[in-house]
Amino acid sequence: HSQASYHSQASYHSYNQQYLSPQQSRSFSSSAPLQSGSSEYNTTLELTLRSLQDESLSFEHVIRAMQNFPAHALIQERGCALLWNQTFNADVCHMLVSMGGVVTILQAMRKHPTIAKLQHTALEVLRNLCVNELNRQSLLQAGGLPFVVETMQKLADDAEI
């Protein structure tokens, strides 16, 4: 490996240990937000994007990535796609809702209304979450039902959905 390749791999593993391990990610989400455009922000963003390529990434890590980069459309889209696969499990659904998953997904939909794939996968995640009555209440409490209906109406003619 070249020195640059080694450095990149070392940074990636350091990121995974620092930001994606369950013990450390709690402190990351409570830390002050990174300044957009700073080198630390850009490095963290790049590593987050790379980590979201891992199909086996836990839902906790996915939702934290989405919460840490709400304005980044690709992170939101990839996060929703990963969560869609994971929310066929009732236990995952319950824990995801308890971590603010409904609000995070609605926020992604609201911030990126023109990205059809994100809208589609976000709706699928919400559908999976709402199989459970308590999770449906979370959607209602977050004011999500009118928004979901409106989004579905807007996307009804979209061939991708």
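The values are calculated or read from the model by the stated rules, or taken from the named source; none is laboratory data. The structure displayed is predicted, hence computed values, not measured ones. Quick note on the areas: whole protein, heavy atoms, side chains included, nothing else; ligands and nucleic acids left out. Shrake-Rupley method; radii C 1.70, N 1.55, O 1.52, S 1.80 Å.
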Of LYS117, LYS154, which has the most accessible area with a 1.4 Å probe, and how do the rest follow in descending order? LYS154, LYS117
Residue-level accessible surface for ILE115, protein heavy atoms, 1.4 Å, Å²: 40
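With all protein chains present and a 1.4 Å probe, how do THR151, THR114, THR43 order by accessible area, largest first? Display every interim value, and only then the final one.
On the way: THR151 10, THR114 130, THR43 70 Å².
These residues rank, largest area first, as THR114, THR43, THR151.
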Here P(r) for segment 26-161, Cα-Cα distances in 10 Å bins, as whole percents, is 12, 44, 34, 10, 0
Provide the solvent-accessible area of PHE147, counting protein heavy atoms only and rolling a 1.4 Å probe, rounded to the nearest 10 Å². 40
Can you give the accessible area of LEU134, probe radius 1.4 Å, in Å² rounded to 10? 120
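For segment 64-133, what class follows from the C-alpha gyration tensor (a ≥ b ≥ c being the square roots of its eigenvalues): rounded when a/c is under 1.5, otherwise prolate if a/b is larger than b/c, else oblate?
Details: a/c = 1.91, a/b = 1.53, b/c = 1.25.
Prolate is the answer for segment 64-133, as a/c is 1.5 or above and a/b outweighs b/c.
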Gap in Å between the Cα centre of segment 105-161 and the Cα centre of segment 90-104? 14
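Ordering ASP91, ASP54 from largest to smallest accessible area (1.4 angstrom probe), what's the sequence?
Numbers: ASP91 105, ASP54 65 Å².
From most accessible down to least: ASP91, ASP54.
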